[in-house]
1. Looking only at region 52-86, which residues are more than 17 Å from Glu13 (Cα to Cα) and either charged (D, E, K, R) or assigned to a strand (DSSP E or B) (or both)?
2. For region 30-39, does any single residue satisfy the condition of being β-branched (Val, Ile, Thr), at pLDDT 80 or above and in a loop (DSSP other than H, G, I, E, B)?
3. Inspect all residues belonging to region 42-56 and state whether any of them is over 23 Å from Leu86 (Cα atoms), among the aromatic types (Phe, Trp, Tyr) and at pLDDT below 95.
4. Hey, can you tell me all the residues within region 11-29 that are part of a strand (DSSP E or B), under 24 Å from Ala100 (Cα atoms) and out of contact with any helix residue (DSSP H, G or I) (no Cβ under 6 Å at 6 or more places or on another chain)?
5. Scan region 10-40 for residues that are at positive phi and touching a residue at least 40 places away in the same chain (Cβ under 8 Å) and jot them down.
6. May I ask you to list the residues in region 6-37 that are in contact with a Cys (Cβ under 9 Å, 6 or more places away or on another chain) and of a type in the set (D, E, K, R)?
7. Only one of (1) surrounded by fewer than 19 Cβ atoms within 10 Å (Cβ to Cβ); (2) hydrophobic (A, V, I, L, M, F, W, C); (3) without any contact (Cβ under 8 Å) to a residue 60 or more places away in the chain is not met by Ile7, so which one is it?
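The values are calculated or read from the model by the stated rules, or taken from the named source; none is laboratory data. In this text, all values refer to a predicted model and were calculated from it rather than measured experimentally. With ideal geometry, Cβ positions are generated from the backbone for all residues, glycine too; neighbour counts draw on all protein chains shown.
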Amino acid sequence: MSDFETISFAAGERIFSSGDTADQLFLIKEGVVQLLDAEGKVFAQILKGESFGEQAFLSGGIRGATAQALGDVVCLRIPGEKANALLAGVSSLMVPVFEALLLQQNMYNNLRKPDK
């Protein structure tokens, strides 16, 4: 994990926005990250030791939520291609299984969005 860049975010700083290209995965070293829906409402908090931005595993993945720092946050930033290489190194079977799970999660997230 020491091969990955450490990046800091100030309290309230936006890490990425819904609709952005998903090309990086994050692992929280310190702090709390909030996930916000399209209306700006917090629907989840990600804590130290947890990851977010898993859509980076999908080629052409798009962010389904906005992520912002609740307080000061320190993360490891893992480029999508490196995350995929790590996953493929574990088992070639894991890549399609993980991609299918992410696609199911994206479909679920789209279904729970309120109608406009």
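1. Glu54, Ile62, Ile78, Pro79, Glu81, Lys82
2. There is at least one residue in region 30-39 that is β-branched (Val, Ile, Thr), at pLDDT 80 or above and in a loop (DSSP other than H, G, I, E, B).
3. Yes.
4. Phe16, Thr21, Phe26, Leu27 - these are the residues of region 11-29 that are part of a strand (DSSP E or B), under 24 Å from Ala100 (Cα atoms) and out of contact with any helix residue (DSSP H, G or I) (no Cβ under 6 Å at 6 or more places or on another chain).
5. Across region 10-40, the qualifying residues are Gly12, Gly19, Gly31.
6. Listed by number, the residues that qualify are Lys29, Glu30.
7. Tallying (1) surrounded by fewer than 19 Cβ atoms within 10 Å (Cβ to Cβ); (2) hydrophobic (A, V, I, L, M, F, W, C); (3) without any contact (Cβ under 8 Å) to a residue 60 or more places away in the chain, Ile7 fails exactly one: (3).
Residue-by-condition table, conditions (1) more than 19 Å from Pro79 (Cα to Cα); (2) at pLDDT 90 or above; (3) surrounded by 19 or more Cβ atoms within 10 Å (Cβ to Cβ):
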site	(1), (2), (3)
Ile15	no, yes, yes
Ser18	no, yes, no
Gly60	no, no, no
Gln68	no, yes, yes
